[in-house]
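Inspection log for the structure reproduced underneath, given as structure tokens.
The values are calculated or read from the model by the stated rules, or taken from the named source; none is laboratory data. This structure is a prediction, so every number in the text was calculated from the model and none was measured. So basically every Cβ, Gly included, is an ideal-geometry build from the backbone, and we count neighbours across all protein chains shown. Ligands, DNA and RNA are stripped out before the accessible areas are found, and what is left, the full protein with its side chains, is counted by its heavy atoms. Shrake-Rupley method; radii C 1.70, N 1.55, O 1.52, S 1.80 Å.
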Amino acid sequence: MSLPQFKLLRPRSLQEAIELLGKHASLRVLAGGTDLIPSMRQRLFDPEFVLDIRHIAELKGIRPTKGAGVEIGALTALSTIERSTFLRQHYPVLSEAAATVASPVLRNMGTIGGNICLDTRCLWYNQSLTWRKGCGFCIKKDGDLCHVAPGGTKCWAAFSGDTPPALLCLNAEVEIAGPSGTRRIPLHEFYTGIGDNYRKLAPNELLTRVFLPEATADYRGLYRKLRIRGSIDYPLAGVAVVMKRANGHVSGAQVAITAVNPAPLLVPKAGPLMEGKIMDEALAEAVGELAAKVAKPLTTSALTPEYRREMIRVFTKRAVLAAASA
Ligand SMILES: Cc1cc2nc3c(=O)[nH]c(=O)nc-3n(C[C@H](O)[C@H](O)[C@H](O)COP(=O)(O)OP(=O)(O)OC[C@H]3O[C@@H](n4cnc5c(N)ncnc54)[C@H](O)[C@@H]3O)c2cc1C
Ligand code: SF4
């Protein structure tokens with residue numbers, strides 16, 4: 001499949017990128033391009049301009065600040081996050097999640113910003129133009145019905161990035177910049193929960209930085225992922241867990257899930273349920289049940305919704321037991 005025609009813009013600074021974002025309406029941002037380019041080949045996006053931000057040096061790198069956690073530039077490669085000694089030591093859940101994305105080559109190209117902004121996925125959407133045309137299109141692109149939930153008006157395409165559940169557990173914030181200024185919001189406010197309009201990011205805005213607070217450093221962290229091909233595949237269910245213990249009791253914990261809803265989600269009651277308790281099979285089972293209740297998978301992928309939801313329960317139970325056994 002060939003790429004559609006577009007004009008390439010290559011800013012060298014954030015300021016220049018923001019000026020270009022203010023000038024052109026039909027534009028897509030390209031970071032590593034590992035998701036955008038295949039999607040453009042499938043004619044899911046047909047922009048007049050592509051803004052290649054890869055040469056903006058100020059958006060690359062991991063910068064720990066004493067007492068204030070760490071700042072990660074949006075263009076930092078997933079392989080850099082996977083290998084960072086600082087992140088592996090202080091925020092291990094993030095390195096572990098990054099290490100499960102796609103394959104080594106794609107992690108060298110793919111960025112943390114691109115992973116957070118990743119388009120939602122569905123069996124009826126991530127297809128060629130000919131395939132989608134044959135099915136009469138759908139709400140997410142060019143049509144007005146949903147093949148997954150016929151009769152409804154909402155798109156349920158699943159958010160399928162691996163690092164956002166880890167970032168949610170770590171209470172990450174993201175910085176967003178555009179012609180009207182810069183704002184910083186908690187990551188959990190970035191997603192809408194609607195498959196076809198899944199992020200609160202205007203077409204003329206960039207995600208520029210990710211911040212992890214000092215308060216969530218040094219938690220034990222794990223990420224568990226269900227995929228069809230172990231060597232290279234998007235998650236079809238994913239669970240991130242962070243936990244701290246004191247005197248054998250859980251003193252702080254969070255659980256977040258991905259790939260089973262149109263947004264990655266924290267499991268809100270999981271932390272409070274574990275807090276102050278000693279982890280055992282019954283408690284782990286109860287946390288697994290809570291996570292499974294938050295998961296609302298539909299027939300958007302090759303595995304059945306029932307199996308994906310069950311694996312959220314199983315992975316959560318196993319992950320909290322493992323986090324508590326260290
Ligand atoms: C075969 C294959 C397997 C894959 N497996 C996985 C997987 O297992 N897990 C997973 O999470 N992903 C997977 N991916 C998707 C992709 O490789 C990763 O999600 C990667 O992190 C995307 O980052 P990128 O920099 O390449 O994003 P791009 O492709 O450049 O961009 C992705 C989207 O985000 C937007 N965007 C990117 N950066 C910014 C920014 N800074 N500000 C605003 N918008 C931005 C783009 O416009 C685009 O809409 C896979 C891809 C392929 C081709
Ligand atoms: S969930 Fe429905 S509207 Fe959304 S991409 Fe799938 S078929 Fe299309």
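Given (1) within 12 Å of ligand 1 (Cβ to nearest atom); (2) touching a residue at least 60 places away in the same chain (Cβ under 8 Å); (3) of a type outside the set (G, A, S), identify the lone condition not met by L168.
It fails just one condition, (1).
Please go through the range 72-88 and pick out each residue that is in contact (Cβ under 8 Å) with a residue 60 or more places away in the chain and of a type outside the set (G, A, S).
I72, L78, I81
Does the range 34-42 include one or more residues that are within 21 Å of A240 (Cβ to Cβ) and of a type outside the set (S, T, Y)?
yes
Which is more than 30 Å from G143 (Cβ to Cβ), more than 16 Å from ligand 2 (Cβ to nearest atom) and in contact with a Gly (Cβ under 9 Å, 6 or more places away or on another chain), of R10, R63, R83?
None of the others qualify; the one that does is R63.
Cβ-Cβ distance below 7 Å, separation of 6 or more or different chains: which pairs start in the range 270-288 with a residue that is more than 19 Å from A240 (Cβ to Cβ) and end on one that is open to solvent by less than 30 Å² (accessible area, probe 1.4 Å)?
Final answer for the pair search is G276/V250; K277/V250; K277/L283.
Looking at R54, is it at positive phi, among the basic types (K, R) and in contact (Cβ under 8 Å) with a residue 24 or more places away in the chain?
Here the answer is no, as R54 does not meet what is asked.
Out of the helices (runs of 4 or more DSSP H) lying entirely within the range 255-326, which hold 3 or more residues that are buried (at least 20 other Cβ atoms within 10 Å of the Cβ)?
281-294, 305-324
Residue by residue through the range 63-87, note down the ones that are open to solvent by 10 Å² or more (accessible area, probe 1.4 Å) and closer than 17 Å to T111 by Cα.
R63, E71, L75, A77, T80, E82, R83, S84, listed by residue number.
Please go through the range 1-57 and give me each residue that is closer than 25 Å to S79 by Cβ and of a type in the set (V, I, T), ordered by number.
Passing the criteria: V29, T34, I37, V50, I53, I56.
Given (1) touching a Gly at 6+ places or on another chain (Cβ under 8 Å); (2) of a type in the set (G, A, S); (3) more than 10 Å from ligand 1 (Cβ to nearest atom), where does A74 come up short, assuming only one miss?
(3)
Inside the range 171-244, counting only strands (runs of 3 or more DSSP E) that do not spill past its ends, which hold 2 or more residues that are surrounded by 14 or more Cβ atoms within 10 Å (Cβ to Cβ)?
173-178, 206-212, 220-226
Looking at this structure, is C117 within 10 Å of ligand 1 (Cβ to nearest atom) and either closer than 17 Å to I257 by Cα or modelled with pLDDT under 95 (or both)?
yes
Looking only at the range 88-106, filter to residues that are under 14 Å from the mean Cα position of the chain (by Cα) and open to solvent by less than 30 Å² (accessible area, probe 1.4 Å); which one of those is farthest from ligand 2 (Cβ to nearest atom)?
Here the answer is S95.
Restricting the search to the range 48-62, which residues are farther than 17 Å from L212 by Cβ and open to solvent by 60 Å² or more (accessible area, probe 1.4 Å)?
Scanning the range 48-62 gives E48, R54, H55, A57, E58.
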